[in-house]
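Visitor: Got a structure for you, questions after.
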Amino acid sequence: MPKQQPLPGNASKGDCNALGVTCDSSYFATWQWPKDDTCAVGVRNGYPIPDPRCTPGGAVPNLDAEILRDPQWRTKCIRNCQSTEKQKHVTYAWYGMVAPTENNGSTQVCELDHLVPLELGGADGLGNIWPQCGPAENVLRDRFFKRKDLVENYLAAKVRSGEMPLEEAQRGIATDWTQYLAAAAQSKRNR
């Protein structure tokens with residue numbers, strides 16, 4: 001496990017420190033820095049999933065469901081605390097991709113995504129980051145990373161309400177985020 005990192009400058013240090021949150025990452029499998037062009041995006045249920053050798057997913061080991069329910073909790077407590085936005089871009093090379101230009105707003109086609117989202121205590125280390133891209137022809141709300149956002153919100157709500165254990169949600173989304181698509185869509189329709 002990496003050494004504890006200082007909290008990011010953009011987080012409220014008092015709130016984050018009061019929660020006991022650190023910047024450690026614990027991955028769900030042994031992880032080594034991949035070489036360029038050695039990772040392959042897979043497909044499950046018609047959606048991309050990361051290569052588990054390169055992006056096994058992981059969590060902040062001392063962040064539990066109680067902290068996620070705390071009104072002081074913010075994802076900024078751990079965002080960019082183990083890897084900067086610039087460092088995260090190396091994952092494009094691992095997956096043999098070129099980082100898109102003009103990748104924002106309605107032209108955004110890729111997201112450097114935390115496989116286990118920060119909302120679920122996901123690690124900010126590079127073993128939990130992958131470039132989730134496409135499809136460019138879809139409107140923004142239907143691009144793959146936006147579909148995964150629905151799953152992330154669904155699982156975070158389940159954990160906060162006590163309907164699902166945190167570790168089950170973390171490992172489930174790391175194994176196959178697409179398995180929750182139908183339930184997440186149904187939950188959104190029922191709101």
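The values are calculated or read from the model by the stated rules, or taken from the named source; none is laboratory data. Because the structure is predicted, anything quoted here is derived from the model rather than measured. In this analysis, Cβ positions are derived from the backbone assuming ideal geometry, glycine residues included, and neighbour counts consider all displayed protein chains. These area figures cover heavy atoms from the full protein model, side chains too; ligands, DNA and RNA do not enter into them. Shrake-Rupley method; radii C 1.70, N 1.55, O 1.52, S 1.80 Å.
Visitor: For the list (1) under 23 Å from L181 (Cβ atoms); (2) open to solvent by 60 Å² or more (accessible area, probe 1.4 Å), I need the number of the one condition that P50 fails.
Guide: All conditions are met except number (2).
Visitor: Quickly run through segment 25-68 and pick out the residues that are on the phi > 0 side of the Ramachandran plot and more than 14 Å from the chain's Cα centre (by Cα).
Guide: Passing the criteria: D37, N45, G46.
Visitor: Cβ-Cβ below 7 Å, separation at least six or inter-chain, first residue in segment 168-191 and more than 13 Å from A59 (Cα to Cα), second open to solvent by 100 Å² or more (accessible area, probe 1.4 Å): which pairs?
Guide: T178/N45; L181/N45
Residues checked against (1) part of a helix (DSSP H, G or I); (2) over 20 Å from V43 (Cβ atoms); (3) of a type in the set (K, R); (4) modelled with pLDDT of 95 or more:
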residue: E137; (1), (2), (3), (4): no, no, no, no
residue: Y154; (1), (2), (3), (4): yes, yes, no, yes
residue: M164; (1), (2), (3), (4): no, yes, no, yes
residue: Q170; (1), (2), (3), (4): yes, yes, no, yes
residue: K188; (1), (2), (3), (4): yes, yes, yes, no
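Visitor: If D113 passes every condition in (1) without any contact (Cβ under 8 Å) to a residue 40 or more places away in the chain; (2) under 18 Å from Q179 (Cα atoms); (3) open to solvent by 20 Å² or more (accessible area, probe 1.4 Å) but one, which one does it miss?
Guide: Only one criterion in (1) without any contact (Cβ under 8 Å) to a residue 40 or more places away in the chain; (2) under 18 Å from Q179 (Cα atoms); (3) open to solvent by 20 Å² or more (accessible area, probe 1.4 Å) is unmet by D113, namely (3).
Visitor: Do any residues in segment 37-62 that are in a loop (DSSP other than H, G, I, E, B) have Cβ atoms under 6 Å from those of residues that are β-branched (V, I, T), where the two are at least six apart or on different chains, and which pairs are they?
Guide: Matching pairs, first to second residue: N45/T178; G57/V116; V60/I78; N62/T22.
Visitor: Moving to a separate point now. If you check W130, W177, which single one turns out to be touching a Ser or Thr at 6+ places or on another chain (Cβ under 7 Å) and open to solvent by less than 10 Å² (accessible area, probe 1.4 Å)?
Guide: Among W130, W177, only W130 is touching a Ser or Thr at 6+ places or on another chain (Cβ under 7 Å) and open to solvent by less than 10 Å² (accessible area, probe 1.4 Å).
Visitor: As an exercise: evaluate P117 against (1) more than 23 Å from R143 (Cβ to Cβ); (2) at pLDDT 95 or above and give the number of the one condition it does not meet.
Guide: (1)
Visitor: Just wondering, is there one or more residues in segment 141-149 that are within 15 Å of the chain's Cα centre (by Cα) and either at pLDDT below 90 or open to solvent by less than 10 Å² (accessible area, probe 1.4 Å) (or both)? Spell out the reasoning first.
Guide: First, pick out the residues of segment 141-149 that are within 15 Å of the chain's Cα centre (by Cα): 144-149.
Adding the requirement that they be either at pLDDT below 90 or open to solvent by less than 10 Å² (accessible area, probe 1.4 Å) (or both) leaves 145, 148.
For segment 141-149, residues within 15 Å of the chain's Cα centre (by Cα) and either at pLDDT below 90 or open to solvent by less than 10 Å² (accessible area, probe 1.4 Å) (or both): present.
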